[in-house]
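Visitor: Once you've had a glance at the structure underneath, I'll fire off some questions.
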Amino acid sequence: MTIWHALTIEQTREALSALKPPFAPNRLSGQDGARWPVMLLRQFQSMMVLILAVAAFLSFIIGDKIDTFAILAIVLLNAGLGFMQEWKAETALQGLKQMLAPRCRVLRAGGEQEIDAAELVPGDHVLLAAGNAVPADLRLIETVNLRVDESALTGESSPVGKTPETLSADYAIATRRNMAFMGTHVVNGYGAGLVIATGMATEFGRIAGLTNAIEETQTNLQRQLAVLGRQLGIWALAVSAIVFVIGWAVGHDLVAMAMTGISLAVAAIPEGLPAVVTITLALGMGAMARKKALLRHLQAAETLGAVSVICTDKTGTLTRNEMTVQAIWVAEGLFQVTGAGYKPQGEFLLKDRPCNPPLYPGLIQLLDTGRTCNHARIEQGEKGWHALGAPTEAALLVAAAKAGLQTPRPLTIIAEYSFNSTRKRMSVVEQNTDHLIVHSKGAPEVILPLCRYILEGGVAVELTPERRVAVEQIYTDMACRGLRTLALAHRVLPLTASLSEDAAERDMVFLGVVGVIDPPRPEVHAALMKARSAGIRIIMITGDSPDTALAVARQIGLSAAKAITGDMLRQLVDDELTTLLGDDILFARTVPEDKYRIIKLLQASGQLVAMTGDGVNDAPALKQADIGIAMGIRGTDVAKGAADIVLVDDNFATIVAAIEEGRRQYTNISKFVRFLVSHSVGEVSAVFLNILTAGPLILLPLQILWINLATDSVTALALSIEKAERDIMREGPRRLGAALIDRGNFLFLVMCGLYIGVATLILFHMYLEQSYERANSVAFTSIVVTAQVLVFNFRHLHGPVAAIGWLSNPWIILAVTAMMVIQAAALYLPPLNQILHTVPLSAQDWLIIVAVAAPLFIVPEGVKIFKARLS
C-alpha cells in the first residue's frame with residue numbers, strides 16, 4: 001500500500017504514472033438508498049402478514065373465495081401503505097442530499113477544464129479554491145494560505161492549514177497536512193493537488209464501505225410484533241385444532257367442523273392489526289416531518305421513543321456551528337460581547353454595563369486589525385446571515401460590525417504571510433498614503449513573543465515582564481472557560497521598510513486577546529431538562545478539545561464532571577470503559593472507531609442507543625446505533641444514508657420532540673393492540689363455547705372478517721391518534737424487550753374477552769328459540785357493539801377517561817358513531833345484509849344489546865376512578 005503523504009511530489013508523480021486503467025468511476029457505492037422492489041418486499045416480512053396469508057390460503061382450499069379475497073385485500077393494503085410512506089421518505093431524503101462535488105476544475109491537455117467529479121482518475125491535476133468541495137483524495141503539490149474544513153471526516157472542528165511538504169510515514173490522517181480528502185471543504189486560500197484515490201478507494205469511501213458492511217437489525221417494535229404474531233398464530237392453530245377434534249368426536253359434520261376451525265382461526269387473529277400499525281406509523285411519520293424530523297423507516301419513531309441513551313455530537317447539534325466573539329481583552333478592560341451567530345447585532349459590555357466602543361481606542365484598534373487581517377465575508381441570505389470563509393475570521397468581522405466598523409472596508413494589501421501549522425499566525429501588510437501597517441493575528445503564545453510594546457490608552461508602551469505575565473494569565477483564564485483564544489498585534493512601518501517576514505513580524509504592538517466560542521443553541525437547555533425528566537441520559541462525544549466540550553456542557557446544563565479523550569479511551573479495556581460509562585462523563589478528541597466502540601458497549605449493557613452525527617466519520621456509529629440520527633443541513637450523504645432519521649434543522653431539541661412523538665406512537669400502538677386482542681378473545685370464546693354446547697355456528701366466517709376489518713380496525717385507528725398523555729415525558733424509558741402485553745394486562749384483556757364471549761353466547765341462545773337467522777344477527781351485532789364500548793377502556797391506560805377529556809380525541813367519537821351506522825347498514829340494507837346473511841333487528845333488540853355491552857366500560861372505569869381517588 002502506497003503511503004502517499006510520505007512521498008515527495010516527484011515520487012508521487014512517478015507512482016501515479018505506474019497505475020494502469022481502467023479506473024472505477026469516482027462515486028461511492030451503496031449510497032443510493034433502498035431500491036423500490038426491496039422496499040416493497042420488506043412490507044411482507046412480518047409474522048402477522050404471514051399468518052394472514054396462511055388464513056387466505058386455507059379459505060381458498062375450502063372454496064370460500066369471498067374470505068380469501070378479503071384477507072388478501074387487507075394484506076395488499078397494508079403493504080401498499082407501508083411502501084408509499086417509506087418511498088415518500090426516501091424521495092424526500094434524496095432531495096435533501098447534495099452531491100459532494102458535482103463539478104471540479106482540472107488541468108488536462110495543457111489547459112484548465114471544468115469536468116464532472118465522477119470523471120476524475122488517479123493522476124489528474126485538480127485546482128482548489130475557497131468554497132470548493134474536495135472531489136477526491138489529493139496529494140497537494142501547491143498551497144497558498146490553503147485551509148480545509150475536515151470535520152466531516154475527522155471530527156476536528158477547526159480548519160486545517162495545508163502544505164505541500166513531505167511528511168513522516170507515521171502521521172495519522174488528521175495530521176496529514178499535505179493531503180486533501182474527498183468530502184472535505186476548502187474554506188480559505190487556494191492550491192492544487194494530484195488525485196491519488198477515487199470513489200471507494202478514498203478515506204471517505206473506506207468508511208462508507210465499513211458502514212455498508214454493518215448488518216441492520218430489527219427494531220424493538222418489529223421484534224415485539226413478531227413475538228405477538230407467533231403467539232397469536234399458535235393460539236389460533238391450537239384453538240382451531242381443539243374445536244375441530246371435539247366437534248368431530250361428538251358427531252358434527254367434518255366439513256362443518258373444518259369451516260368452524262377456519263372461523264376460529266380467523267377470529268383469533270386481528271386481521272386489521274398490521275394495517276392499523278402501518279397507518280399509525282405512517283401518520284406518525286407525517287407528524288415527525290412537521291417537527292423537522294424525516295423518518296426513513298416507519299418503525300424509527302417508535303424505536304426513538306424507547307431510547308435510554310443519546311450519544312450526541314457537539315458542533316451544530318448542541319451548538320449553533322457559528323463561531324462568535326464572546327470576550328475581548330485590551331488594556332482598557334475585559335469586554336463582553338452579546339449576540340450569537342453571524343448576525344451583526346449585539347452590545348459591548350464593560351463591567352456588566354453597556355458601553356460605546358468608539359470611546360475605547362484600544363478596542364477599536366484591535367477590531368480594525370481583526371477585520372483587516374481577514375479573508376472571510378458575512379452575507380445575509382434567505383435563511384439569515386452566514387459566513388463565507390474561515391468561521392473564526394467571520395466572527396472577527398461580526399464583532400467589528402457590532403462596534404460600528406465598516407466590513408469590509410477599502411484597503412490596499414501589498415503583502416501577506418499566510419497561516420500554517422508551524423507559524424500559527426497570519427499577517428498582512430496594509431499600505432496607506434504615508435506609511436505601512438502590519439496586522440497580525442494568531443495563537444497568543446506565538447504572537448506575544450513577537451511583541452515589544454502593548455497598547456494602553458491609545459499609546460504604545462513597553463511590554464514589561466509583569467505585563468507579559470498578566471497577558472498570559474488573561475488568555476489562560478479564557479481557555480479554561482472553553483474559549484478559543486486569538487491574539488492580535490500591529491506595527492507601523494515607513495513606506496520604504498523591508499517587507500520580509502522576519503523584518504515585518506517583530507517589535508510589534510500587542511493589541512489584546514479575543515475569546516471565541518461556538519455558542520449553544522438557546523433551546524438546548526430546556527430540551528436537556530426534558531430528556532432528563534424522561535430518564536434519558538445524554539452523552540456528548542465530540543472531536544473538539546476537552547476544555548471546550550466541558551465549557552459547553554456547563555453552559556447547557558449537561559451533567560459531565562470529567563472529559564475522557566480518545567487517547568485515554570483507547571488505553572482502557574472494555575470492562576473498564578463499561579464501568580466508566582456509568583459516570584457523568586463526556587468524550588473529546590474522539591475518532592470514528594471510538595464512537596463505534598462506545599455504542600457497542602452501551603448496547604451490550606442493555607441500553608437502547610440513539611447516535612447523532614453529520615460526517616462520514618460518524619456513519620459506522622450511526623448504523624450500529626439502534627437509532628441513527630443524521631443532520632440534514634450539514635450532514636454528508638454517507639451519514640444520511642446510514643441514519644434512520646434525518647433532522648431537517650440539525651437541532652438537538654428536535655430529537656427530544658421526536659422522542660415524545662415516538663413515545664406517543666408506542667403508547668397508542670399498545671392501546672389498540674390490547675383492544676384488538678381483547679376483542680379477538682371475545683370472538684374466539686363465543687365461537688368456542690358455542691361449539692361445546694353443540695349449537696349451530698354463532699358467527700359466520702365472513703361476519704368475523706367484517707368485525708375484524710370493517711369495524712374493529714376503524715375504531716382502533718381512531719384510538720391510534722390519541723394525544724400524548726400528560727406525564728409521558730416524566731416516565732423512564734420502557735424496559736428493553738418488554739412485551740406489548742404483560743401478564744397483568746393480559747389477565748384484564750382475557751376477563752373482558754370472556755365477558756364478551758359469554759354475554760354473546762347467552763344472547764344467541766335466547767334468540768335461537770325464535771330463529772337461527774335472528775339469533776345469528778343478534779350475536780353478530782352484539783360483538784360489534786361490545787367493541788365500540790370496549791374501546792373507551794383503552795383511551796387512558798392509567799386513569800379514567802375524564803382525566804384526558806371525553807372530547808380530547810373527537811375522531812374516536814366519530815369512529816364509534818360511524819361503526820354503529822355501518823353495522824345498521826349490514827342489518828337493514830340489501831345487498832349487504834344478503835352477503836352477510838343478516839336480518840333486521842327491532843329497537844328492543846338494540847336496547848338489550850347495549851345494556852349487555854355497557855358493563856364493559858362502566859365496571860373498569862369505576863375501578864379507575866376509585867384508584868385515582870385513593871392516590
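Visitor: What's the number of the condition ASP650 fails, among (1) of a type in the set (Asp, Glu); (2) open to solvent by 10 Å² or more (accessible area, probe 1.4 Å); (3) under 30 Å from ARG726 (Cβ atoms)?
Guide: The single condition ASP650 does not satisfy is (2).
Visitor: Name the single residue, out of those in the stretch 381-390 being surrounded by fewer than 23 Cβ atoms within 10 Å (Cβ to Cβ) and in contact (Cβ under 8 Å) with a residue 12 or more places away in the chain, that is nearest to GLU430 (Cα to Cα).
Guide: Among residues in the stretch 381-390 that are surrounded by fewer than 23 Cβ atoms within 10 Å (Cβ to Cβ) and in contact (Cβ under 8 Å) with a residue 12 or more places away in the chain, the one nearest to GLU430 (Cα to Cα) is GLY389.
Visitor: Mind checking which pairs have a first residue in the stretch 292-310 that is more than 16 Å from THR667 (Cα to Cα) and a second that is surrounded by 24 or more Cβ atoms within 10 Å (Cβ to Cβ) and among the basic types (Lys, Arg), Cβ under 9 Å, 6 or more apart or different chains?
Guide: Every condition considered, the pairs that remain are ARG296/LYS640.
Visitor: State which residue pairs qualify: first residue of a type in the set (Ser, Thr, Tyr) and inside the stretch 819-833, second residue assigned to a loop (DSSP other than H, G, I, E, B) and surrounded by fewer than 13 Cβ atoms within 10 Å (Cβ to Cβ) in any location, beta carbons under 6 Å apart, and separation of 6 or more residues or different chains.
Guide: TYR828/PRO840
Visitor: Among (1) within 40 Å of the chain's Cα centre (by Cα); (2) assigned to a loop (DSSP other than H, G, I, E, B), where does VAL681 come up short?
Guide: Exception for VAL681: condition (2).
Visitor: Grab the helices (runs of 4 or more DSSP H) fully contained in the stretch 573-665, keeping just those with 1 or more residues being within 20 Å of GLU302 (Cα to Cα) and in contact (Cβ under 8 Å) with a residue 60 or more places away in the chain. Before you say what the answer is, go through the steps one by one.
Guide: On the way: elements: 574-580, 592-604, 619-624, 637-642.
In the stretch 573-665, 592-604, 619-624, 637-642 are the helices (runs of 4 or more DSSP H) which contain 1 or more residues that are within 20 Å of GLU302 (Cα to Cα) and in contact (Cβ under 8 Å) with a residue 60 or more places away in the chain.
Visitor: Being surrounded by fewer than 21 Cβ atoms within 10 Å (Cβ to Cβ), modelled with pLDDT of 80 or more and in contact with a Gly (Cβ under 8 Å, 6 or more places away or on another chain) is the filter here; which residues of the stretch 195-243 pass it?
Guide: GLY199, MET200, ALA241
Visitor: What's the number of the condition ASN793 fails, among (1) open to solvent by less than 30 Å² (accessible area, probe 1.4 Å); (2) within 17 Å of TRP706 (Cβ to Cβ)?
Guide: (2)
Visitor: It is to be established whether one or more residues within the stretch 6-21 are at pLDDT below 75, open to solvent by 60 Å² or more (accessible area, probe 1.4 Å) and either out of contact with any His (no Cβ under 9 Å at 6 or more places or on another chain) or of a type in the set (S, T, N, Q) (or both).
Guide: no
Visitor: Among the helices (runs of 4 or more DSSP H) contained in the stretch 764-854, which hold 3 or more residues that are touching a His at 6+ places or on another chain (Cβ under 9 Å)?
Guide: Values: elements: 772-790, 810-828, 832-835, 843-853.
Fully inside the stretch 764-854 and qualifying: 772-790.
Visitor: Quick check on this structure: which one of ALA826, ALA815 is under 47 Å from the mean Cα position of the chain (by Cα) and within 25 Å of ILE669 (Cβ to Cβ)?
Guide: Testing whether each residue is under 47 Å from the mean Cα position of the chain (by Cα) and within 25 Å of ILE669 (Cβ to Cβ) leaves just ALA815.
Visitor: If you don't mind, another one. How many residues, within the stretch 111-133, are part of a loop (DSSP other than H, G, I, E, B) and not charged (D, E, K, R)?
Guide: Of the residues in that region, 7 qualify.
Visitor: Return the pair list, or none, for Cβ contacts closer than 7 Å from residues in the stretch 847-861 that are charged (D, E, K, R) to residues that are assigned to a helix (DSSP H, G or I), at least 6 apart or on different chains.
Guide: Going by the 7 Å Cβ cut-off, the qualifying pairs are GLU861/VAL801.
Visitor: From LYS424, LYS441, grab the single residue that is among the basic types (Lys, Arg) and surrounded by fewer than 21 Cβ atoms within 10 Å (Cβ to Cβ).
Guide: Just a single option satisfies the conditions, and that option is LYS424.
Visitor: Report every pair of residues separated by at least 6 positions or lying on different chains whose Cβ atoms are under 8 Å apart, first residue within the stretch 708-726 and modelled with pLDDT of 85 or more, second β-branched (Val, Ile, Thr) and not in a helix (DSSP H, G or I).
Guide: Correct list of pairs: GLU722/ILE804; LYS723/ILE804.
Visitor: Considering only residues that are open to solvent by 50 Å² or more (accessible area, probe 1.4 Å), part of a loop (DSSP other than H, G, I, E, B) and either within 16 Å of ILE141 (Cβ to Cβ) or polar (S, T, N, Q) (or both), which ones fall in the stretch 153-175?
Guide: Hits for the stretch 153-175 are GLU165, THR166, SER168.
Visitor: Would you please name the residue that is nearest to the chain's Cα centre (by Cα), looking only at residues in the stretch 390-406 that are under 17 Å from ASN188 (Cβ atoms) and modelled with pLDDT under 90?
Guide: In this case the residue turns out to be PRO391.
Visitor: Another question, if that's okay. I need the full set of residues from the stretch 391-419 which are touching a strand residue (DSSP E or B) at 6+ places or on another chain (Cβ under 6 Å), within 27 Å of ALA133 (Cα to Cα) and open to solvent by 50 Å² or more (accessible area, probe 1.4 Å), in order please.
Guide: GLU416, PHE419
Visitor: Separate question: Where in the stretch 485-572 are the strands (runs of 3 or more DSSP E), entirely inside, with at least 3 residues that are modelled with pLDDT of 90 or more and crowded, with 24+ Cβ neighbours inside 10 Å?
Guide: Values: elements: 508-517, 537-540, 562-565.
Fully inside the stretch 485-572 and qualifying: 508-517.
The values are calculated or read from the model by the stated rules, or taken from the named source; none is laboratory data. Computed from a predicted structure; not experimentally measured. Using ideal geometry, Cβ is built from the backbone for each residue, glycine included, and neighbour counts are taken over all protein chains shown. Each accessible area value is taken on the protein alone, full model and side chains, heavy atoms only, with ligands, DNA and RNA left out. Shrake-Rupley method; radii C 1.70, N 1.55, O 1.52, S 1.80 Å.
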